[in-house]
Amino acid sequence: MLTTRYQKVQTLTVTDVIRMHALFEAHYASSPLATFLDDLSRKEGVFVVRRRSDAEIVGFSTLGVYRFEIGGRQVKGMFSGDTIIESAHRGSRTLQQAFAWKLFIEAIKAPLTPQYWMLISKGYKTYLLMARNFPDFHPRRDHPNPQMEGLVRDYCEAMFPGKLDASTMLLHFGDDANRLKPDVADITDDMRRDPDIRHFERLNPTWAQGTELPCIARTDLSAFFQAIVPFLRKVWRSKVAARRAAPQAGPASQSPVRSV
């Protein structure tokens, strides 16, 4: 069993940070501690995933909360950074639940402000999380969205000036950029049958070299009730079904009393 808690960066202990970097190093090539710490310092907080049995950190996802002015209007951006969970626990939804709740909390703080989830994806899994759970996102395979593509260009220029290749819409961070290790998120021929995975690979064919696909999804209150609430309802139903399917312990049998 796992549990996820959102913590401000300044509340992390040294032990927490060392463990997080160890997880990062196990999944990414070119992962020096100095670079990891620099990136972490730029974030507001971290979703920390722990085993309930011993409180060991088995995953995390960093988050930055930013405000931009686009077209004369204030916009809130929730930027996902490094996201890692040990392979033994990748079926758990505790991280997704905590992330959905954080999106909701941030949305109700400013209900009239457009809110977006901004992410850069070097692997297909993060892209699928967006594509499978949000109705309004970019890039998507069924139709283009020039307005959201413009938002992507704007946030890339604000956060990563000079790193976006406008011809490919990919971010390049140089030859020493961290990249997924070969056994972490390989795309097999069988997986390419999935149209969303094929679309991701078509958009980011050099993902194995560390290029990042910048993405965006709308996550304000209207989007929340269209997508996040059904997602949480699905999670709740699966939990209820699992509890009902679990064998129920009957009353303990009583041993016969014997006289001696």
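The values are calculated or read from the model by the stated rules, or taken from the named source; none is laboratory data. No experiment lies behind these values; they were computed from the predicted model shown. Here the Cβ positions follow ideal geometry from the backbone for every residue, glycine too, while neighbour counts run over all protein chains shown.
One table, with the values for the structure above:
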| item | result |
| --- | --- |
| Residue list for the range 161-181, restricted to those being among the charged types (D, E, K, R) and in contact with a Cys (Cβ under 9 Å, 6 or more places away or on another chain) | LYS163 |
| Residue tally, condition among the acidic types (Asp, Glu) and in contact with a Pro (Cβ under 9 Å, 6 or more places away or on another chain), over the range 177-226 | 1 |
| Only one of ASP189, ASP176 that is loosely packed, with under 15 Cβ neighbours inside 10 Å, in contact with a Ser or Thr (Cβ under 7 Å, 6 or more places away or on another chain), in a loop (DSSP other than H, G, I, E, B) and not polar (S, T, N, Q) | ASP176 |
| Matching residues, the range 5-27, being free of Cβ contacts under 8 Å to residues at least 12 places away in the same chain and either surrounded by 14 or more Cβ atoms within 10 Å (Cβ to Cβ) or under 17 Å from the mean Cα position of the chain (by Cα) (or both) | GLU25 |
| Count - residues of the range 118-146 that are touching a residue at least 24 places away in the same chain (Cβ under 8 Å), surrounded by fewer than 17 Cβ atoms within 10 Å (Cβ to Cβ) and not in a helix (DSSP H, G or I) | 2 |
| Pairs with Cβ under 6 Å, 6+ apart, first in the range 28-49 and within 14 Å of SER80 (Cα to Cα), second among the polar types (S, T, N, Q) | LYS43/THR62; GLY45/GLN7; VAL46/GLN7; VAL46/THR62; PHE47/THR4; PHE47/SER61; VAL48/GLN7 |
| Test result for LEU95, crowded, with 18+ Cβ neighbours inside 10 Å, within 15 Å of the chain's Cα centre (by Cα) and either on the phi > 0 side of the Ramachandran plot or not small (Gly, Ala, Ser) (or both) | yes |
| Of residues in the range 151-173 being without any contact (Cβ under 8 Å) to a residue 60 or more places away in the chain and in a helix (DSSP H, G or I), the one nearest to the chain's Cα centre (by Cα) | CYS156 |
| The range 208-223 - residue that is touching a helix residue (DSSP H, G or I) at 6+ places or on another chain (Cβ under 8 Å) and modelled with pLDDT under 90 and, of those, surrounded by the most Cβ atoms within 10 Å (Cβ to Cβ) | ASP220 |
| Residue match in the range 133-147 (condition: among the polar types (S, T, N, Q) and within 16 Å of TYR66 (Cβ to Cβ)) | no |
| Single unsatisfied condition, ARG67 versus (1) surrounded by 14 or more Cβ atoms within 10 Å (Cβ to Cβ); (2) assigned to a strand (DSSP E or B); (3) of a type outside the set (Val, Ile, Thr) | (1) |
